[in-house]
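The values are calculated or read from the model by the stated rules, or taken from the named source; none is laboratory data. This one's a predicted model, so the numbers in the text were calculated from it and none came from an experiment. Positions of Cβ are backbone-derived with ideal geometry, glycine not excepted, and every protein chain shown enters the neighbour counts. For the accessible areas, the whole protein counts, side chains as well, though only heavy atoms, and no ligand, DNA or RNA atoms are used. Shrake-Rupley method; radii C 1.70, N 1.55, O 1.52, S 1.80 Å.
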Amino acid sequence: MKIHYFSSPKSLSIFDGGILLVLFFLSSPAWAWTVTVLDQNGQPAQNAVVHISGKDITSSSTDVAIMDQVNRQYNPHVLAIHKNQKVSFPNSDNVRHHVYSFSKTKSFEMKLYAGTPNTPITFENEGVVVLGCNIHDSMLGYIVVYDDGKFGIVDDAGKIVFSEPKKAVTSLNIWHPNLADKTKTHYSGHLSGHDSITVTINITHPPKKNPSKKNKFGRFYK
Amino acid sequence: MKLSLRSHILLPFIALIVVTSIAIIGSVLFATRNNINNQAEETLHTGKRIFERLMSVRGDQLITSSEILVSDFGFKTAIASEDKNTILSALENYQQRINVDLMMIHHLDGTLLSTTNKKHPYQLTKEIIDKTRENGGVLTTLLIKDSAYQVAILPVMAPTTIAWATVGVAIDDKFANELKTLTNLDISFSGNTKNRDVNMASFHISTLPATSTKQRQSNEEMMLVTTSQEEEFLSLPIPITENNDFLIHAYVFSSLTSAYAQFNPLKLQIFVITILAFIFSIIGALLISKNITQPIAFFVKAARRISDGHYNEKNAQCVQNTREISELEESFRKMQTGIAERETKILHQAYHDTLTGLPNRTQIKDHISKLIKKGHGSEFSVISINIIGFSQINDTFGFDVGDNFLKTFAERLNETTGNNSLAARLSADDFITVITSACLDTISKDTKHLKETLEKSINISGIDIAVSIRLGVSLYPEHGADAEQLLRRSGIALNVAESRNICLDFYEPGEEKEHLKRIRLISDLGDAIKNNDLVMYYQPKVDLHTQTITQVEALIRWIHKDLGFIPPDDFIGLAESSGMMPDLTRWVLTSVAAQAKLWRQQKIDVVVAINLSAHDIAHDGLPSFITQLLSNHQLTARDLMLEITESAVMENPHQAIQVLEQFKSLGIDLSIDDFGTGYSSLSQLKSMPVDELKIDKSFILNLENNKDDQVIVQSTIQLGHNIGLRIVAEGVETQAAWHLLEQWGCDKLQGYFISRPVPADDFSAWYRHYQASEFCKNQIPNNLELTRKNNI
């Protein structure tokens, strides 16, 4: 199954630096449909966030989302929330963490704490928030904040299921923390046709960090 | 030019030493230079390793401090604040804190966010950013304007990369000096950007003074560098950074000049050692050559002494006593002795007769000279002795007996002469002795005694051989002043004795002059024959029957250029005794034949008579020579006539008659000359094939006054006519003689009354006049008288 791309007069800009992409949908009944996100190697692109929007597609949540810290990792690695939704950062480890974000979307820091902080943090602006820990450099987490539409994170097989009618969808965006090429993650226009859509994205895997600090760098760059 | 032996030894020695010295110095210098270069290269490579190690350590330190820096939360916070002043102040703060020279923050796209080097903003290239992103950070060197920095470029993670942080330490003089202290090498850095982009820069620092030349060593990574102070360095480039944008090299230098300087004492030592070796070798060579040449000089001197005739003296011992020299010296001494012995032998042979052992002529001459030198008026006599008939002893008894005879005779002579005198042998049977006598009176007695003693018969192998000797004596001082003269005159006296057939003769003054004249004439006669110095004169004969001139007698004349007229009797005898007679006769015959031919052509019709000697008759080839001569000159036998003296015929009548027969058979008329002096018998006369008798002039010259002569001549004429011979009278000098002879019927007349012998041309003139004047009986022409008077 293949996706055919061609240019369309309608386009939408969602993220800063986003580039327009066009996707054609086949006309189909309004039942659930699946988006499969694969990487350039045909492997499921885990942690990918798929976001659809349209005139009639709305969703909201006032629940406090949880960005847990387990085994010195943020869990989940990627958290997608609605604008103004609160996120709690419970510490499940037996060590303290110093959670911070220098992202423009939401800059904050929660100095050395253990357990669950009293006050969750509200994310007022849509966008991406990169989470780090000042004590543990290897800890990295993302919170993606959306203003409208519907979104979800793909499962381990790279799949996500939407129940909204395809024809209501006017744009489809895919976000991934390691996107290499952001030009192919945004679709606009009407979706139609098959009940399943497969999207291939380019992702780059960050270099594996070497445990030995001495050999972290090449000796000389010549 | 000839080199001395010493030079021959010394020159190769010195040449060898010089070559060796040069080779040693050369190889030392070469090895030193090589060693220095190798050491310098080694040092440079070591320096390079140290340098790289230092750079690496510094890089590690830089990385460590940079990592700590970019991990600092405050730093991250400052960067994230995006407030430029805050960021700059933070950079400056951290720069101080970790003690670095440069800090820069760049946006992710490489554009500059903030830098502590405000004067020279610097953008990161995409290449570096990619590399940094890929490797999580890089350690490199950057050229910023005219400075170079070793930098670590790291991402600022919050926790994703939000910016690039660059932390650098300057590569400056301080660093270079530090390296110099550590490596003990001079170091320089240089670099420049390749592209004329925003970051364009160039950079050079060095611990060296300005360098003037750089020259890459062939096939080497090394370079040869000369500073403005003329110091030489070997240099090794170390690439630090080379990428698309720029190029930075470090250079380490090792001073060759100072390295060479370290070897100067060594070079001096070697030079001194070489010079010393040279000097000692020369001294050694001199000693060796002296040791060799000294004995040679000794032998040269010895050889000179020997060549000067000093054989017997003992030469000084040679100073050197090597085996070879001793052997040579021994050989030399043997040679010296050998030469001395041989010379004695040769001397003995030179002064002695080998057969008899008596002294020879040379020694007797020396002896006489010594006697003369002694002087004091001492008189002595030189006696030449000849053994008469010795050749017959040889012929009869053989040479062995002859030799023994001579030996015995020599012994006897030696005994006889005694101690006061000396006897010598000159040739086969010629001896000589010198007798010193107190006075002249005793000599006769002495010689008589000598003769008696020597003439005792000698017994050889049982044969008694009688000895007969002849003595010639010359006396000193009467007969000569020197040895040669005395010897010669004693010999002349012996010759005289021989010719007179006497046993003893004393030299008489003048005998030598005569002797010398004879010798001179003999030698001159040969030249005279060759050079035609002899001339033929002709004397006419008148035929009394016709009163005409029908014959002329050819007479030879020799006018010697110094001695004047030589009588034919003198030189013909010499020619006979010296064996020149055949040549002379041939000359005469040829000359006369030529003249006769000329006269035939001139119509002078005379027969030419030629005299032949006893020698000529004995000569077998003469008839054939005459035949040849006649035909060569177109003459007939009638044109010539031969006259032979009666005495010549009588010497060997048998052979003479044979030869005369041969002439006769040729058709030549023959005449007996000087008839009446030769003891011929009538029977011999009868058997001789002659046509004419010529009465000797001794009977004619005084004919008119001597009755005996008249009888002899008249009877001879009659006798001759009776046996059919013509009679010729020669020596006719008066008219009276002419008349007498004419009366007696003589056929022909010859003599000064008619004409004396004259040269051929004069005869031709005379002949014509005579024929024209109708010379007749009893009428003697006046001109004949005149001619005769003038010629006498």
How high is the FRET efficiency from B:VAL607 to B:HIS654, r the C-beta distance, R0 22 Å, rounded to 0.05? 0.20
Take the Cα coordinates of the protein assembly as shown, assign each an equal point scatterer, and use the Debye formula without solvent to give log10 I(q)/I(0) at q = 0.06, 0.10 Å⁻¹. -0.80, -1.23
Efficiency by 1/(1 + (r/R0)^6): what FRET value for A:VAL70 and B:GLU52, r their Cβ-Cβ distance, R0 = 45 Å, to the nearest 0.05? 0.45
Show the residues, 5+ positions off or on another chain, whose built amide H is closer than 5 Å to the amide H of A:MET110. A:VAL99, A:TYR100
Inter-site label distance for B:GLN485 and B:THR64 at 7 Å from Cα along Cβ, in nm: 14.0 nm
In Å and on Cα atoms, what radius of gyration and Dmax does chain B show? 69.0, 205
Estimated FRET transfer efficiency when R0 is 56 angstrom, pair B:ASN706-B:SER444 (beta carbons, to 0.05): 0.75
Residues of B:241-250, mean number of Cβ from any other protein chain within 10 Å of their own Cβ, rounded to a whole number? 1
Taking the Cα atoms of the stretch B:422-479 alone, what are Rg (to one decimal) and Dmax (as a whole number) in Å? 13.7, 44
For B:HIS515 and B:PHE565 in the same chain, what is the full-extension length gain: residue separation times 0.36 nm, less their Cα-Cα distance, in nm? 16.2 nm
Extension gain, B:GLU127 back to B:LYS686 (0.36 nm per residue minus Cα-Cα distance, nm): 184.4 nm
Which one, A:SER60, B:LEU112, B:ILE566, projects farthest toward the positive side of the charge dipole computed for the protein assembly as shown from Cβ point charges (K/R +1, D/E -1)? A:SER60
Would you kindly find the accessible area of B:SER665, with a 1.4 Å probe and non-protein molecules such as ligands, DNA and RNA excluded, rounding to the nearest 10 Å²? 100 Å²
State the Cα centre-to-centre distance between the stretch B:129-155 and the stretch B:605-672 in whole Å. 154 Å
Just report the Cα centroid separation between the stretch B:570-600 and the stretch B:491-510, whole Å. 32 Å
Summarise the partner chain shielding of B:53-64 as one whole number: the mean count of Cβ atoms from other chains within 10 Å of each residue's Cβ. 2
Probe radius 1.4 Å, ligands and nucleic acids ignored: give me the carbon and sulfur share of the accessible area of the protein assembly as shown as a rounded percent. 52 percent
Do any trypsin sites (Lys or Arg not before Pro) in the stretch A:26-113 lie in a loop, going by DSSP, with at most 10 other beta-carbon atoms within 10 Å of their beta carbon, and if so which? A:LYS55
Where does the protein assembly as shown land at 222 nm, in deg cm²/dmol rounded to the nearest 500, when only DSSP H runs of n ≥ 4 count, each adding -39500 (n - 2.57), divided by all residues? -13500 deg cm²/dmol
In peptide B:393-402, what is the residue-averaged number of other protein chain Cβ atoms found within 10 Å of each Cβ? 0
Can you sort B:ARG520, B:ARG489, B:ARG756 by 1.4 Å-probe accessible area, starting with the largest? B:ARG520, B:ARG756, B:ARG489
Got a sec to turn the phi values of the stretch A:125-133 into Karplus ³J(HN,Hα) couplings, 6.51 cos²θ - 1.76 cosθ + 1.60 with θ = phi - 60°, whole Hz, x for Gly and Pro? 10, 6, x, 10, 10, 9, 9, x, 10
Between B:SER71 and B:MET335, what is the label-to-label distance in nm when each label sits 7 Å out along the Cα-to-Cβ direction? 10.9 nm
At 0.692 mPa s and 37 °C, Stokes diffusion of the stretch B:496-616 via Kirkwood alpha-carbon radius, µm² per second: 197 µm²/s
Along the stretch B:333-348, Karplus-curve 3J(HN,Hα) (6.51, -1.76, 1.60; θ = phi - 60°) to the nearest Hz, with x for Gly and Pro, reads 5, 4, 4, 4, 5, x, 4, 4, 5, 5, 5, 4, 4, 4, 4, 4
Gain in length, B:GLN392 to B:ARG500, computed as 0.36 nm per residue apart minus the alpha-carbon separation, to one decimal in nm? 36.8 nm
Viscosity 1.002 mPa s, temperature 20 °C: what is the translational diffusion coefficient of the stretch B:1-94 from Stokes-Einstein with a Kirkwood Rh over Cα pairs, rounded to a whole number of µm²/s? 106 µm²/s
For the stretch B:256-371, dividing by residue count, accessible area per residue (probe 1.4 Å) in Å² works out to 66 Å²
Say each of B:PHE30 and B:ALA350 gets a label point 7 Å from the Cα, pointing the same way as Cα to Cβ; how far apart are those two points in nm? 6.8 nm
Please work out the Cα convex hull volume for the stretch A:64-166 and give it in Å³ per residue. 105 Å³
Between helix B:256-307 and chain B, what is the angle of the helix's C-alpha long axis to the longest principal axis, kept within 0 to 90° and rounded to the nearest 10? 10 degrees
Nonlocal amide H pairs with B:ALA163, under 5 Å, H built at 1.01 Å: B:VAL156
To the nearest 10 degrees, how steep is helix B:653-666 against the longest Cα principal axis of chain B, on a 0 to 90 scale? 80 degrees
Size of charge dipole - the protein assembly as shown - debye, nearest 20, with Cβ of Lys, Arg +1 and Asp, Glu -1, no other charges: 7040 debye
Rounded to the nearest 20 debye, what is the charge dipole size of chain B about its Cα centre when +1 sits on each Lys and Arg Cβ and -1 on each Asp and Glu Cβ? 2640 debye
Using amide H atoms built in the peptide plane, which far-off residues or other-chain residues are under 5 Å from B:GLY110 H to H? none
For the full complex of protein chains and a 1.4 angstrom probe, list A:CYS133, B:CYS503 by accessible area with the highest value first. B:CYS503, A:CYS133
Loop-located trypsin sites (Lys or Arg not before Pro) in the stretch B:115-144 whose Cβ has at most 16 other Cβ within 10 Å (DSSP): B:LYS118, B:LYS119
What is the sum of charges, Lys and Arg at +1 and Asp and Glu at -1, for the other residues whose Cβ falls under 13 Å from the Cβ of B:ARG557? -4
State whether the stretch B:332-418 is rounded, prolate or oblate according to the following rule on the C-alpha gyration tensor (a ≥ b ≥ c being the square roots of its eigenvalues): a/c under 1.5 gives rounded; otherwise a/b larger than b/c gives prolate, and the remaining case gives oblate. oblate
A convex hull over the alpha carbons of the stretch B:630-769 yields, per residue, a volume in Å³ of 128 Å³
